[in-house]
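So the structure is just underneath, and the comments pick up after that.
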């Protein structure tokens, strides 16, 4: 079995860590890390909404995606839009009509699988804020790398580092909701056959279940009281 | 039963009925749609899986190096390509540049305004750019050396340092255009292609139309023979050289589906009205040049959750659609070449 540069197995995620309620002023916050990749999210809301953005029957979800340094560029705006569209279906928006829920993601460090990390962090922060949700999102990135030993088989690596991501020929990111494990978000770069694509989904789904289990454990620890 | 009622009604009642339907649509747009969709039909007369009539015309503009106009129903996207000479960047001396942009000017729909590109335009530009240049180049700097991209300067990423120049044999990471082909003299002279797609009329599903227009224009592109004059070091037109066309080994097309009313219905090729009410969308970009279709991207930017089975169904529908688009492009190119002779 070929292991990876950092000693992981191909289907092994990096160590996860979650810190809850790290910010004092936000209604909810969370820092989610996949070893060196890390994102910090603050959630404000349900709060007052600008009248131009007010929706009569549901809450307006606003997202901000801040890069580690510098001003937000096109890619960051695209991430912003993805975060909003991925979070909207799991937030029970009709529970708080005519309000705004603002999700602000600050990239702390990018060592690959950044979007997945941002999505995980945002879904944890929403729970911390007590925003009514119908499911929790768990996101995973997968990368297909050319075979190392000259064989024609490509390798599928879960949760790639930046180095692996750069070497990859195809990258896919998925977000699953927790109730039926159905696909909320899918984005791929580079070519895949149909079979490879569905194999990637299958592997990502299993990995997402692990991410979810870790989220649950972390929340249980947070809410349990020592006697 | 409804049709009997209509047949029985005189013209005054018919007008009344039409007005009522119009009112009903305004007051309960979703319910209005549900009534149609439950009969496996859409208000514009299409079945749920049916795409609108699609047409492509190659080189409608005389002033661009290449152009194409794609129409899907009322939706029209015009793509023009301008080729300029540039100096390759130091990191990628063997590559030319491609700057892809999709714009939604105020005339295309009521929701697009003058000013900086909208979120939709940025997302679509990014998607198209990724498809045109491929994964490796998309994650590196993509702007031309001296001239900044007109509206959306694509941000360079930190992945640059480890970036290797593409080897086209490296299947899986290629784009529509092989950037190696745009290089004239390594490290000294290359082409910079400005691929600008303008949405003239946004009647829904501008993604499919934009990619069709871009692909059409790239196929029509003929680059004049240019050589670097050794004595002066200046590029010059070489009248004895052959003008070149890009190889374009694989051509992807897009097929978009709209998830409607939760995910109760999957509508192919949504109109603007359907897009405004949809609960999610999936865009599938694939090429069918080989026996097994290759997926270039499956883009589902959120919205209602979808099972893998439902996604598989969308993909098989998309492949059928893409086959017709491929045939359309081939037919258009063939008629173009006979017209030239």
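Quick note: the coordinates plus some simple rules give every number you see, no bench work behind them. Remember, it's a predicted structure, so these values are computed and weren't measured experimentally. Neighbour counts are summed over all protein chains in view; Cβ atoms, including those assigned to glycine, are modelled from backbone coordinates with ideal geometry.
Report the Cα centroid-to-centroid distance between segment B:27-55 and segment A:1-60 in angstrom, as an integer.
Centre-to-centre (Cα) distance: 38 Å.
What is the average number of partner chain Cβ atoms found within 10 Å of a Cβ in A:165-171?
If you average over the peptide's residues, the count of other-chain Cβ atoms is 6.
For q values of 0.15, 0.19, 0.27 Å⁻¹, compute log₁₀ I(q)/I(0) with the Debye formula on a Cα-only model of segment A:87-132, without solvent.
For the requested q values the scattering log ratios are -0.44, -0.64, -1.05.
For the ranges B:110-123, B:311-324, what's the packing order if you count other beta-carbon atoms within 10 Å of each residue, average per peptide, and put the highest first?
Order by mean packing, descending: B:311-324, B:110-123.
With viscosity set to 0.890 mPa s at 25 °C, what whole-number translational diffusion coefficient in µm²/s follows for segment A:48-165 from Stokes-Einstein and a Kirkwood radius over Cα pairs?
Details: Rh = 16.0 Å.
D, rounded to a whole number, is 153 µm²/s.
If you average the C-alpha positions of segment B:68-108 and of segment A:88-142 separately, how far apart do those two centres end up, in angstrom?
34 Å
When the label point is put 7 Å from the Cα of residue B:336 along its Cα-to-beta-carbon vector, which residues of segment B:177-191 have a backbone N closer than 15 Å?
Under cut-off, by backbone N: B:177.
Place the peptides B:247-255, A:122-130, B:285-293 in order of packing, highest mean first, counting for every residue the other Cβ atoms within 10 Å and averaging per peptide.
Answer by packing, highest mean first, reads A:122-130, B:247-255, B:285-293.
What's the FRET efficiency of residue A:221 with residue B:276 using the Cβ-Cβ distance as r and R₀ = 45 Å, to the nearest 0.05?
That gives a FRET efficiency of 0.55.
What ratio of Cα Rg to 2.2 N^0.38 Å holds for segment A:140-227?
1.32
What is the percent of Cα-Cα separations in segment A:18-98 that go past 22 Å?
On the way: 1100 of 3240 pairs.
Beyond 22 Å sits 34 percent of the P(r) for segment A:18-98.
Where the Cα atoms of chain B are projected onto their three principal axes, how long is each span, largest first, in whole Å?
Extents along the principal axes, in whole Å: 87, 44, 44.
Going by average Cβ neighbours within 10 Å, how do the peptides A:30-40, A:110-120 rank, with the highest at the top?
In decreasing order of mean packing, A:30-40, A:110-120 become A:110-120, A:30-40.
Restricting things to alpha carbons, find the Rg to Rh ratio for segment B:218-320 using the Kirkwood radius for Rh. Numbers along the way, then the final one.
Values: Rg = 21.7 Å, Rh = 16.9 Å.
Reported Rg/Rh (Cα atoms, Kirkwood Rh): 1.28.
Using the alpha-carbon centroid of each, what span in Å lies between segment B:285-326 and segment A:143-217?
Their Cα centres are 18 Å away from one another.
Take peptide A:73-83, look around each residue's Cβ out to 10 angstrom, count Cβ atoms belonging to other protein chains, and average those counts.
Mean shielding by partner chains, rounded to a whole number: 6.
Per residue of A:197-204, count partner chain C-beta atoms within 10 Å of its C-beta, then hand back the mean as an integer.
Values: counts 10, 6, 0, 1, 4, 1, 0, 0.
Other-chain Cβ atoms within 10 Å of each residue's Cβ, averaged: 3.
Would you kindly work out the equivalent ellipsoid of segment A:16-226 from its C-alpha gyration tensor and give its semi-axes, the square roots of five times the eigenvalues, largest first in whole Å? Let's see the in-between values first.
On the way: eigenvalues 182, 66, 57 Å².
In descending order the semi-axes read 30, 18, 17 Å.
So how much slack lies between residue B:30 and residue B:228, counting 0.36 nm per residue of separation and subtracting their Cα-Cα distance, in nm?
That works out to 65.1 nm of additional length.
So what is the diffusion coefficient of the protein assembly as shown in µm² per second by Stokes-Einstein at 20 °C and 1.002 mPa s, using a Kirkwood Rh over Cα pairs?
Rounded, D is 85 µm²/s.
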